[in-house]
Amino acid sequence: METPNLSFIKEIAGDDEIFQKRILEIIKKEFTEEVSLFKTNFSLKKYEDAANDVHKIKHKISLLALEQGSKKASEFEKELKEGIITLHPTFLEILNKIHVYLSN
Amino acid sequence: MHIMNCILIDDDATARLIIHQLCKKSERINVLAEFSSAIDAIKYLNTNHVDLVYLDIHMPTFSGFDFIQTLKNPIKIILTTSDKNHALEAFEYKSVVDYLVKPISKERFNKSIEKLETLPIEAANNHLETQKLADYIYVNVDKRLVKINIPSIYLVEAKGDYINIKTHETNYLVHSTLKKIQDKLPSNMFFKVHRSFIINFSEIIDIEDNTVLVKQDVVPVSRSNKSELMKKLNLL
């Protein structure tokens, strides 16, 4: 089972530690805001808007090297555009995994 | 070595920071400014010259494709997106030189820079490039990009959300608009005779009243376009 890690970010950062610190700060900030927006839109059944939120969150998922998670997010984004929500629990699991990782 | 001045447009701050970092590592790219909205970038371009734009497609209210359609001057554009599905549409735009899928790896980014190095930079060269490309277009048919020699096209007909491109060899039904293809076709060869038809006027066999015969197709000519069409013909 894949877990979030910084391998991708480290590849981009090289030895630039300031960049690495900054990108993590921004990811934390944007991730929190985007997840909150997603949860609101989803609870209001605004699935088209929720799909757009998933699209944005998906980038963070892939940056944290969750390849399978990113694929699932893409599938969920597509589902939401059609008003289908079967992958919602899977997506929440991915979000939770990232939340725990970023909180440590 | 020519340094290319670029701007970044992405509503996602994380994405902008990643691309900025990748640009910093390249000796060839200089980032002039970053924008979270395409509209702000348009305002900037009104008073500043840039060579290259890293552009996100998926943005609220004003998408990357909306941005491209507002451009008056040719600027090289590298699209950056989390969505692979827009690739075919992206390359319908002449200004799009590459398509990077997020997360953008260092390796893929560097390849993109190498690709840029093989492209002409000055406006004059851009013009030559346009001329060179003017002999053919690529169209999306059943998820395949098909090359069509422009002189072989004799008629283009609008059919709802599609256009039917008729060539001497075959016909192609393409999801596009007459306006889009008209912009790609040389005006010294093609003419829009009616809101639903563009013809290659060197292929006209005869003209009668408000119709033209192009190969075996009888095509209506709107009254407002007829005099313009007559001017283009080599009349005795």
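The values are calculated or read from the model by the stated rules, or taken from the named source; none is laboratory data. Since we're looking at a predicted model, the values are computed, not measured. Here the Cβ is made from the backbone with ideal geometry for all residues, glycine too, and neighbour counts use every protein chain on show.
Some observations on this one:
- In the set (1) more than 10 Å from chain B (Cβ to nearest Cβ); (2) of a type outside the set (Val, Ile, Thr); (3) within 27 Å of B:PHE109 (Cβ to Cβ), A:PHE38 fails one condition alone, (3).
- Selection status of A:GLU48, assigned to a helix (DSSP H, G or I) and within 11 Å of chain B (Cβ to nearest Cβ): no
- Cross-chain or 6+ apart pairs with Cβ under 8 Å, region B:162-176 first and not assigned by TED's automatic domain parsing to the domain that holds B:ILE199, then aliphatic (A, V, I, L, M): none
- Identity of the residue in region B:1-20, at the interface with chain A (Cβ under 9 Å from one of its Cβ atoms) and assigned to a loop (DSSP other than H, G, I, E, B), that ends up surrounded by the fewest Cβ atoms within 10 Å (Cβ to Cβ): B:ASP11
- Criterion violated by B:GLU27 - all others in (1) at pLDDT 90 or above; (2) outside any helix (DSSP H, G or I); (3) closer than 18 Å to B:SER105 by Cα satisfied: (1)
- All conditions but one from (1) of a type in the set (A, V, I, L, M, F, W, C); (2) closer than 16 Å to A:ILE9 by Cβ; (3) surrounded by 21 or more Cβ atoms within 10 Å (Cβ to Cβ) apply to A:LEU24; the one that does not is (3).
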